[in-house]
Amino acid sequence: MRSAKEQGRLGGRSFSASVLGARTLRFSARMEEQWLRKLQWLLAPSIGDITFAVRSSLAAGLSLLIAMWMELDSPQWAPLTVWVVAQSSRGESLSKARWRIAGTVLGGVVAIGLIAAFPQAPGLFFCVLAFWIGFCCGWATFLESYRAYGLVLTGFTSAIVATGAIARPDDVFNVAIARGTYIVLGVVCEAVLAMLFLPYIQEQARKNLDTRLEGALTAVTGLVQDLMAGKADAQAHAQVLTTLVSANSRIEFDALEIGGRTHIADHARAALSCMMVMLARARSLSLLGRMECCEADEPVPGALMADYDRARAHILAAEHPIRGDHFRFHMSSRRHALESVENGIRACAGILGSWLVWEVTAWPSGAGFVSFVALVYGLLATRENPIVASASFLKGAYWCAGVAGVYTLLVLPKVTTPEMLLMVLMVPMTVGGLAARHAATAGYAFSFNMFFPVLLGPRNDGRYDEQTFFNGALCFLLAVLFVGWTYRIVLPFRVDSHMRRTEQWRQKRLRALAGPGNRMTVQQWLAESSDSLVRILRNAQAVPASLRLTYMQNQLRQASMGMGLIAIRNAAQDKKLPLAVRRPLHLFLRKWAQGDPRTDFWNHQMQNWVIRQQRNASGPYVQDELEKVQVMLKIIAVEGASL
């Protein structure tokens, strides 16, 4: 018989074991849930993800087989082009393919000129090449969408063609033609497969555009109602602006998918611009306490109905195009000149550094190293935060080298027919296509999909042996590492300094609005303000929430003040107003443009002056304009006091 003490001890042990077992099960369940959530893109992909992955993989495999059938010397560049132009929407693919072809043609011409100009001067050749790539990367900072990619492509195509012809300068023309052939072949294969997989793309594009515009208008009206109720904050305002900026960036691609010579894109951009104006005015009126309640049948207060009606009219014009419509509207975003200079210096220094590595080490694969460095710079130069982009690009490069090594050493030696080659390549390329559709793995897939066929190096007359593969993979990985290091060493991108620089730049732009020669409209100012704020917030996740909130509030205040200054400037230039009214407005604008520290004093004096002028107004038009000026002066005073 066991004593009561021993039984208690045994019971305690069994209870502890059961508790430990329960905790272990809960831990295992949590880990399993986390892994299932991480691998959901692979284990449970959507129909759209599967369609994109299979379509792009088939296009890449088809381009590779056609290039081998044509007996091109480097057929692996054709599938790389397919993965470069393959995007989630057909409009993006069309836009990127168009600019890729244009960039390739110009880059080939520049490469031929460089080889012809410096046949026996390698030092001068690489200096000019580095300057040219730096110029392309720097100037691309000012461009939008895939226009920036096309210019960057011009730079690294020049490097690839020129370095490929260093050993045989007389064949530079043939190298350029071959490079162009790979590009056109990849673009055509991707376009054909996209048309087969997406037969009703025009109707779907119209539906997507209509849904996007209606969703944006719903978000704006909801925020206006929150502002009226005093429940909206800077975070909610920034989220709606992000929706508007994202919708604006998609309009170009929707218009390409819809096709036809219509002005759908112009009306869609004008609708989004009216929504931005409505938001800015709603915020200003809420600050002044002049926001009245909505009527039962009106989505916004009466003071904003004109903007709402204009937005609704442009949405209807985009949904139902009218023959003979010649409406034009364009919104562009601004970039810092300093960003452009830094981007160009980084690229130039990287190319010169890679050439010095080749020159000092006499590496037999040095030309390939320089080509890879130029190519990676071109792929990352247009990213808003290249340091973050290079980190995920490197991880994808590791996966690419590992899988390519398995295929080169174990799989490809057993492949004897082109059909078998396509079948075995479909598996990793399809997985890479699925990863490209998932936000958490898109950065890895970016490098994996493009360089996987390059590291395999399939050819008609043989295959890569172990030595050739390891040399090529080492060259590729070192190039990616080298680019990542230069991005961290040479003028590294820092979000905090970028935010401070943007704040100073916005203040200068705000003062410039009062200049006599400034022609910026309210729509352009608000579009620029929204784009600047959204770009910062995309890269400021590591910044403390309090600093982000302060930055958002300051940006919104400056946007409202700029809207007020533009309204006052327009009144000062209105010939319908008496000269005695316009002269004091010009004086106030001149004080503001000069950065007078007593702008608050001048604002107060102007408000008193406007009140006196309203009593002696000569007509209803002058009375209304003076009332608008008074409201704008109050907005500037309220917003300026909070900065």
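The values are calculated or read from the model by the stated rules, or taken from the named source; none is laboratory data. Here the structure is a predicted model, which means the values were calculated and not measured. Every residue, glycine as well, gets a Cβ built from its backbone with ideal geometry; the counts of neighbours run over all protein chains shown. Just the protein is used for accessible areas: all its heavy atoms, side chains included, with ligands, DNA and RNA removed. Shrake-Rupley method; radii C 1.70, N 1.55, O 1.52, S 1.80 Å.
Side notes on the structure shown:
- Residues located in region 235-244, provided they are over 16 Å from residue 311 (Cβ atoms), surrounded by fewer than 21 Cβ atoms within 10 Å (Cβ to Cβ) and under 18 Å from the mean Cα position of the chain (by Cα): 239, 242
- Pairs, first charged (D, E, K, R) in region 197-214, second open to solvent by 50 Å² or more (accessible area, probe 1.4 Å), C-beta under 8 Å, six or more apart: 212/250
- Matching residues, region 50-101, being among the hydrophobic types (A, V, I, L, M, F, W, C), in contact with a Pro (Cβ under 7 Å, 6 or more places away or on another chain) and open to solvent by less than 20 Å² (accessible area, probe 1.4 Å): 60, 64, 67, 80
- Of residues in region 611-621 being over 45 Å from the mean Cα position of the chain (by Cα) and closer than 16 Å to residue 579 by Cβ, the one surrounded by the most Cβ atoms within 10 Å (Cβ to Cβ): 613
- Odd one out for residue 484 among (1) under 30 Å from residue 414 (Cβ atoms); (2) touching a residue at least 24 places away in the same chain (Cβ under 8 Å): (1)
- Output for region 179-233, where each listed residue is over 30 Å from residue 302 (Cα atoms), hydroxyl-bearing (Ser, Thr, Tyr) and part of a helix (DSSP H, G or I): 181, 182
- Top-ranked residue of region 149-178 - restricted to ones that are of a type in the set (Phe, Trp, Tyr) and within 24 Å of residue 85 (Cβ to Cβ), ranked as farthest from the chain's Cα centre (by Cα): 156
- Counted residues, region 64-89 - those being closer than 17 Å to residue 428 by Cβ and in a loop (DSSP other than H, G, I, E, B): 2
- Within region 120-144, if we keep just the residues that are open to solvent by less than 10 Å² (accessible area, probe 1.4 Å) and of a type outside the set (Phe, Trp, Tyr), the residue that is farthest from residue 341 (Cα to Cα) turns out to be 129.
- Residue 220 passes every criterion in (1) at pLDDT 85 or above; (2) among the hydrophobic types (A, V, I, L, M, F, W, C); (3) open to solvent by 30 Å² or more (accessible area, probe 1.4 Å) apart from (3).
Here's the yes/no breakdown for (1) outside any helix (DSSP H, G or I); (2) out of contact with any helix residue (DSSP H, G or I) (no Cβ under 7 Å at 6 or more places or on another chain):
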residue	(1), (2)
445	no, no
451	no, no
455	no, no
461	yes, yes
468	no, yes
472	no, no
475	no, no
478	no, no
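- Any hit, region 509-517, residues being part of a helix (DSSP H, G or I), open to solvent by less than 20 Å² (accessible area, probe 1.4 Å), under 24 Å from residue 347 (Cα atoms) and not charged (D, E, K, R): no
- Residue pairs meeting the criteria (Cβ under 6 Å; at least 6 apart or on separate chains; first touching a residue at least 24 places away in the same chain (Cβ under 8 Å) and assigned to a loop (DSSP other than H, G, I, E, B), in region 112-126; second open to solvent by less than 80 Å² (accessible area, probe 1.4 Å) and not acidic (Asp, Glu)): 119/169
- Evaluation of residue 545 against (1) among the hydrophobic types (A, V, I, L, M, F, W, C); (2) surrounded by fewer than 20 Cβ atoms within 10 Å (Cβ to Cβ); (3) touching a residue at least 12 places away in the same chain (Cβ under 8 Å) (one fails), failing number: (3)
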